[in-house]
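Presented below is the structure to which this report refers.
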Protein chains: 2
Amino acid sequence: MSGDDVSIWAVPERQGRGPRPAYSRTQITEAAIRIADADGLDAASMRRIAADLGTGAMSLYRYVPSRDDLLDLMTDHVLGEMNVPDRPSGDWRADLTLIAERTRAVWRAHPWMAALHRPRASLGPQRLRLMEFAFGALDVGVPIDAMFALLDMLTGYVERVVRDEIEWKREIAHSGLTPERWMARSAPYVTDLLKTGDYPMFERIVMDAQLPHMSPDDQFRYGLDRVLDCIASALPTPDHPTPDPPDALPDRP
Amino acid sequence: MSGDDVSIWAVPERQGRGPRPAYSRTQITEAAIRIADADGLDAASMRRIAADLGTGAMSLYRYVPSRDDLLDLMTDHVLGEMNVPDRPSGDWRADLTLIAERTRAVWRAHPWMAALHRPRASLGPQRLRLMEFAFGALDVGVPIDAMFALLDMLTGYVERVVRDEIEWKREIAHSGLTPERWMARSAPYVTDLLKTGDYPMFERIVMDAQLPHMSPDDQFRYGLDRVLDCIASALPTPDHPTPDPPDALPDRP
DNA sequence: AACAACTGGGTACGACGTACGCAACTAGGA
DNA sequence: TCCTAGTTGCGTACGTCGTACCCAGTTGTT
């Protein structure tokens, strides 16, 4: 954010005096995304983006207050690729599955999303659209406060798992080894750990767990289904209403 | 990771030839944490850490292969502050609550943890200890593969919520405003959004939700209890076993 | 025609991580 | 005991980054 303004979304793109601008926020955003996709987030520097557009670094600051704001623009732009429907379908489970899988797809297509420490959920248009869909999907008798918890749980799960998936892939790529060679490389350390006998659960994970041997798709789906089962159990039934939060002071700015 | 080695944990601190080392990994790690706590992660640069120890930047590289490895060391060191018990208590709900709340406490004490999207959960000693405790706590008849999903759900929830909490605090601090003034500053944008009428769920959040008006502690606890309720519903009962994942190829390196 | 508001973009500053090199030091093998 | 190989602390240097500041040129409004 630019300091004196709340967020990039409150700063209009242009007024209408001087020369016609040669570029646009969208154009710059798309260039930045292209670079980040290809060479990583760090590669999307102001100089590099400008160079790709055929201009100088400082020109970009006529369009965007800072690089951080540009990252906000990139994030929201990419959320648009989720192509979330206008309204929930009425089947909450299908809708949440859609959110989870499209989030994963978008993060996999733009791995830098995982590296982007996403601070304040900046309220860009696409983020808002997504929020509407998500909360709307859960609008089946759940109190609004419980929706927060359930959606934080769902997106927390998704983001964590996908982040791990992506970072592992990055690790492999960075090492230049095949996954098998990489595994072999780290095997001595793991067996040393196991030999100490101090880590019985870790041992069971290494020996018994089937999940790590499944395809990433199947891993994701299996876990997601467990999460959705959990959410199902939290939906209100006549005899089991979801508990309301304790009353809060009704102060509103 | 230093490139030719798997991770910092596989690289021993020293061999025993030349002059006696003047510092140690722990010493450097603690200095870095001190700086990051006080002035943020970016402030913990190699130069600054070295200066605080009274030496030159390049000296640090005799102890740590790269700054990224130092970040791994910092993370694991700080996890030690969670003071996780040696073994689960037998009350899974109490144990998971403990993990959630101590994680939150540690992240709040070291806000840079939230900005650290650590690639690959690097298997440091404290991380391993925590894993043992967490998986051990859930070892009440749940298949090991389901534990992954449930724990990813829990830690995903915790990390997401605490990250938001911390980043909002940072935002406020960075703006130099009181939370009230900050709210007032962003009010026009929000009311503009509401006036469009395109965001009915967002409107309900702004108008009806009580959670945002509760103390951060209460917000966290309310959501955490919802998550734990969910986990409770996933625990096996005689008539409702947790589904195993589909079989995977039994290949093991 | 004059002016104010804007434009693209060059230069410069103070950071950053870290490759490289070197003198000083210390341990194991002779 | 002395050599020498390995390691120490650390200064210098390189290429990168975000962006503050400046200025000449362009344009809508008066």
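The values are calculated or read from the model by the stated rules, or taken from the named source; none is laboratory data. For clarity, every value in this text was computed on a predicted model and none was experimentally measured. Quick reminder, even Gly has a Cβ in these numbers, built from the backbone with ideal geometry, and neighbours come from all protein chains shown.
Are any of the residues in region A:19-30 near DNA strand D (Cβ under 9 Å from one of its atoms) and either within 26 Å of residue B:170 (Cβ to Cβ) or not hydrophobic (A, V, I, L, M, F, W, C) (or both)? So that I can check it myself, show each step before the final result.
Kept after step one, since they are near DNA strand D (Cβ under 9 Å from one of its atoms), are these residues of region A:19-30: A:19-20.
Now narrow it down to the ones that are either within 26 Å of residue B:170 (Cβ to Cβ) or not hydrophobic (A, V, I, L, M, F, W, C) (or both): A:19-20.
Looking for residues that are near DNA strand D (Cβ under 9 Å from one of its atoms) and either within 26 Å of residue B:170 (Cβ to Cβ) or not hydrophobic (A, V, I, L, M, F, W, C) (or both), one finds at least one in region A:19-30, hence yes.
Taking residue B:191, is it surrounded by fewer than 21 Cβ atoms within 10 Å (Cβ to Cβ), more than 30 Å from residue A:134 (Cβ to Cβ), without any contact (Cβ under 8 Å) to a residue 12 or more places away in the chain and more than 7 Å from chain A (Cβ to nearest Cβ)?
Values: surrounded by fewer than 21 Cβ atoms within 10 Å (Cβ to Cβ): yes; more than 30 Å from residue A:134 (Cβ to Cβ): no; without any contact (Cβ under 8 Å) to a residue 12 or more places away in the chain: yes; more than 7 Å from chain A (Cβ to nearest Cβ): yes.
No: the conditions fail for residue B:191.
How many of the residues making up region A:36-50 are in contact with a helix residue (DSSP H, G or I) (Cβ under 8 Å, 6 or more places away or on another chain) and assigned to a helix (DSSP H, G or I)?
Adding up the residues that qualify gives 9.
Going by the structure shown, is residue B:162 more than 9 Å from every other protein chain (Cβ to nearest Cβ) and in contact with a Lys or Arg (Cβ under 7 Å, 6 or more places away or on another chain)? Reasoning before the result, please.
Details: more than 9 Å from every other protein chain (Cβ to nearest Cβ): yes; in contact with a Lys or Arg (Cβ under 7 Å, 6 or more places away or on another chain): yes.
Yes.
State which residue is farthest from DNA strand C (Cβ to nearest atom) when the search covers only region B:66-84 and only residues that are over 30 Å from residue A:200 (Cβ atoms) and surrounded by fewer than 17 Cβ atoms within 10 Å (Cβ to Cβ). Break it down stepwise before answering.
Looking only at region B:66-84, we keep the residues that are over 30 Å from residue A:200 (Cβ atoms), and these are B:66-68, B:70.
Within this subset, residues satisfying the condition of being surrounded by fewer than 17 Cβ atoms within 10 Å (Cβ to Cβ) are B:66-68.
Values: B:66: 4, B:67: 4, B:68: 6 Å.
For region B:66-84, the residue satisfying everything is B:68.
Here is a check on your reading of the model: is residue B:224 crowded, with 18+ Cβ neighbours inside 10 Å, free of Cβ contacts under 8 Å to residues at least 12 places away in the same chain and part of a helix (DSSP H, G or I)? Give the derivation first.
On the way: crowded, with 18+ Cβ neighbours inside 10 Å: yes; free of Cβ contacts under 8 Å to residues at least 12 places away in the same chain: no; part of a helix (DSSP H, G or I): yes.
Spelling it out, it is not the case that residue B:224 is crowded, with 18+ Cβ neighbours inside 10 Å, free of Cβ contacts under 8 Å to residues at least 12 places away in the same chain and part of a helix (DSSP H, G or I).
Please enumerate the residues belonging to region A:5-35 that are of a type in the set (S, T, N, Q), within 11 Å of DNA strand C (Cβ to nearest atom) and in a loop (DSSP other than H, G, I, E, B). Step through it out loud before you land on a result.
Quick first cut of region A:5-35, residues of a type in the set (S, T, N, Q) only: A:7, A:15, A:24, A:26-27, A:29.
Remaining after also requiring within 11 Å of DNA strand C (Cβ to nearest atom): A:15, A:24, A:27.
Of everything in region A:5-35, those that are of a type in the set (S, T, N, Q), within 11 Å of DNA strand C (Cβ to nearest atom) and in a loop (DSSP other than H, G, I, E, B) turn out to be A:15, A:24.
Among residues belonging to region B:41-60 that are within 22 Å of residue B:12 (Cα to Cα) and exposed (fewer than 14 other Cβ atoms within 10 Å of the Cβ), point out the one that is farthest from DNA strand D (Cβ to nearest atom).
The residue in question is B:57.
Taking residue B:38 and the conditions (1) more than 10 Å from DNA strand C (Cβ to nearest atom); (2) more than 22 Å from residue B:109 (Cβ to Cβ); (3) of a type in the set (A, V, I, L, M, F, W, C); (4) exposed (fewer than 15 other Cβ atoms within 10 Å of the Cβ), which numbered condition does it fall short on, given that it satisfies the others?
Unmet for residue B:38, out of (1) more than 10 Å from DNA strand C (Cβ to nearest atom); (2) more than 22 Å from residue B:109 (Cβ to Cβ); (3) of a type in the set (A, V, I, L, M, F, W, C); (4) exposed (fewer than 15 other Cβ atoms within 10 Å of the Cβ): (2).
For (1) in contact with a Gly (Cβ under 6 Å, 6 or more places away or on another chain); (2) modelled with pLDDT under 95, each residue gets a yes or a no:
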site: B:85; (1), (2): no, no
site: B:88; (1), (2): yes, no
site: B:94; (1), (2): no, no
site: B:98; (1), (2): no, no
site: B:107; (1), (2): no, no
site: B:117; (1), (2): no, yes
site: B:136; (1), (2): no, no
site: B:141; (1), (2): no, yes
site: B:146; (1), (2): no, yes
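Would you check which residues across region A:85-113 are buried (at least 21 other Cβ atoms within 10 Å of the Cβ) and aliphatic (A, V, I, L, M) and list them?
A:96, A:100, A:113
Hey, residue A:71 hits all of (1) under 26 Å from residue B:156 (Cβ atoms); (2) more than 11 Å from DNA strand D (Cβ to nearest atom); (3) within 14 Å of another protein chain (Cβ to nearest Cβ) but one; which does it fall short on?
(2)
Looking at this structure, is residue A:167 at pLDDT below 95, surrounded by fewer than 21 Cβ atoms within 10 Å (Cβ to Cβ), farther than 25 Å from residue B:171 by Cα and out of contact with any Pro (no Cβ under 6 Å at 6 or more places or on another chain)? Give the derivation first.
Details: at pLDDT below 95: yes; surrounded by fewer than 21 Cβ atoms within 10 Å (Cβ to Cβ): yes; farther than 25 Å from residue B:171 by Cα: yes; out of contact with any Pro (no Cβ under 6 Å at 6 or more places or on another chain): no.
For residue A:167, the condition - at pLDDT below 95, surrounded by fewer than 21 Cβ atoms within 10 Å (Cβ to Cβ), farther than 25 Å from residue B:171 by Cα and out of contact with any Pro (no Cβ under 6 Å at 6 or more places or on another chain) - is not met.
Every residue in region B:73-118 that is free of Cβ contacts under 8 Å to residues at least 12 places away in the same chain and under 24 Å from residue A:170 (Cβ atoms), please.
Selection gives B:117 alone.
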